[in-house]
Amino acid sequence: MRWVIGLVLMMIATVVWAVPRDVTFANIDGGTLSLNQWAGQPVLVVNTASQCGFTGQYEGLQALYDNFKERGLVVLAVPSDDFNQELASGSEVKEFCEIAFGLDLPMADITHVKGGKAHAFYKAVEAETGFVPRWNFNKVLIGLDGKVVGTWGATAKPRSPEILGAIESLLQ
């Protein structure tokens, strides 16, 4: 009987748990970015770094944003130095991304994504899915209802069939 109660409680937790929409990030331009401002829209959150072998993925992230923003997709870059590959300040990151990749998608300021100092968003994703970024350019897709739809590691390119398929299914 206990296992049945435990199973029911797990199912209820799975149904109602979602990444809190009131989570905010420091905006690289000043102020804050809140997931609330994108309620009802899919959000692809990517921990990034300017001096990483995967930094070229910024091009694909910008292309995703350009291709799907009119249909509601938000791509949020979250620069992090947790893997020791980010520039020293948010202003340097912003300048680098604008010059090297023409980035105009939303960007958080430099943020912790793993460990004890991890941002509340990443703690919530870990609690919901067990997913923790193991390197730069890990991707987390949040659905219209605030639930994690998919997670991908650094080697998954932004325009890979898996990511494009998940995004397309949310924009139907």
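The values are calculated or read from the model by the stated rules, or taken from the named source; none is laboratory data. Bear in mind that the values here come from a model prediction, so they are computed numbers and not experimental data. Methodologically, a virtual Cβ is constructed for each residue, glycine included, from the backbone with ideal geometry; neighbour enumeration extends over all protein chains shown.
Name the residues in region 58-97 that are closer than 26 Å to residue 166 by Cα and among the charged types (D, E, K, R), would you? Residues satisfying the conditions are 59, 66, 69, 70, 71. When region 19-36 is filtered for residues that are in contact with a strand residue (DSSP E or B) (Cβ under 9 Å, 6 or more places away or on another chain) and either surrounded by 13 or more Cβ atoms within 10 Å (Cβ to Cβ) or touching a residue at least 60 places away in the same chain (Cβ under 8 Å) (or both), the ones remaining, listed by number, are 19, 21, 23, 24, 25, 26, 27, 28, 29, 33, 34, 35. Mind counting the residues in region 110-124 that are surrounded by 18 or more Cβ atoms within 10 Å (Cβ to Cβ) and under 15 Å from residue 76 (Cα atoms)? Looking only at that region, the number is 6.
Could you please let me know if residue 80 is out of contact with any helix residue (DSSP H, G or I) (no Cβ under 8 Å at 6 or more places or on another chain), modelled with pLDDT of 95 or more, under 24 Å from residue 128 (Cβ atoms) and among the hydroxyl-bearing types (Ser, Thr, Tyr)? So residue 80 passes the test.
So, in region 98-116, exactly how many residues are under 17 Å from the mean Cα position of the chain (by Cα) and of a type outside the set (Asp, Glu)? Within region 98-116, residues that are under 17 Å from the mean Cα position of the chain (by Cα) and of a type outside the set (Asp, Glu) number 11. Just so you know, in region 125-153 the residues that are out of contact with any helix residue (DSSP H, G or I) (no Cβ under 8 Å at 6 or more places or on another chain) and buried (at least 20 other Cβ atoms within 10 Å of the Cβ) include one that is farthest from residue 53 (Cα to Cα), and it is 125.
Among the residues here, residue 86 does not qualify as out of contact with any Phe, Trp or Tyr (no Cβ under 6 Å at 6 or more places or on another chain) and surrounded by fewer than 18 Cβ atoms within 10 Å (Cβ to Cβ). Listed here are the helices (runs of 4 or more DSSP H) enclosed by region 52-169 that have at least 1 residues being in contact (Cβ under 8 Å) with a residue 60 or more places away in the chain and β-branched (Val, Ile, Thr): 90-101, 120-129.
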